[in-house]
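Okay, so here's the structure we're looking at.
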Amino acid sequence: MLVRHQLLHAAVLAPNGQWLTQDRPESPVRVLDGPTAMVELAAEIQHRIRTTRNPIR
């Protein structure tokens, strides 16, 4: 879902259960240790989006 919405460039599940992610094509690959780390990454992205958004009010 993060890749589909272009919040990550790539996310691949490795056979050992780790996730390999990349923010942009030129950025280094990050290795996440399992599904909990992937959920934490999604939460970080969501927090970044919400705190950098212009206030509507």
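The values are calculated or read from the model by the stated rules, or taken from the named source; none is laboratory data. Because the structure is a prediction, the values reported are computed rather than measured. In this analysis, Cβ positions are derived from the backbone assuming ideal geometry, glycine residues included, and neighbour counts consider all displayed protein chains. Surface areas here come from the heavy atoms of the whole protein model, side chains and all, with no ligands, DNA or RNA. Shrake-Rupley method; radii C 1.70, N 1.55, O 1.52, S 1.80 Å.
Does LEU13 satisfy being out of contact with any Lys or Arg (no Cβ under 6 Å at 6 or more places or on another chain) and in contact (Cβ under 8 Å) with a residue 12 or more places away in the chain?
no
With respect to GLN6, is the statement that it is at positive phi and either open to solvent by 50 Å² or more (accessible area, probe 1.4 Å) or part of a helix (DSSP H, G or I) (or both) true? Spell out the reasoning first.
Working: at positive phi: yes; either open to solvent by 50 Å² or more (accessible area, probe 1.4 Å) or part of a helix (DSSP H, G or I) (or both): yes.
Yes.
Considering every residue within the stretch 22-29, establish whether at least one is under 10 Å from the mean Cα position of the chain (by Cα) and at pLDDT 90 or above. Write out each step before concluding.
Step one: filter the stretch 22-29 for residues under 10 Å from the mean Cα position of the chain (by Cα), giving 22-23.
With at pLDDT 90 or above added as a condition, the list becomes 22-23.
Yes, the conditions are met somewhere in the stretch 22-29.
Can you confirm whether LEU41 is assigned to a loop (DSSP other than H, G, I, E, B) and at negative phi?
no
Condition (residue is open to solvent by 80 Å² or more (accessible area, probe 1.4 Å) and hydrophobic (A, V, I, L, M, F, W, C)) applied to the stretch 17-30: is it met by at least one residue?
In the first step, residues of the stretch 17-30 are kept if they are open to solvent by 80 Å² or more (accessible area, probe 1.4 Å); the result is 24-26, 28-30.
So of that shortlist, the ones also hydrophobic (A, V, I, L, M, F, W, C) come out as 29.
Looking through the stretch 17-30, at least one residue is open to solvent by 80 Å² or more (accessible area, probe 1.4 Å) and hydrophobic (A, V, I, L, M, F, W, C).
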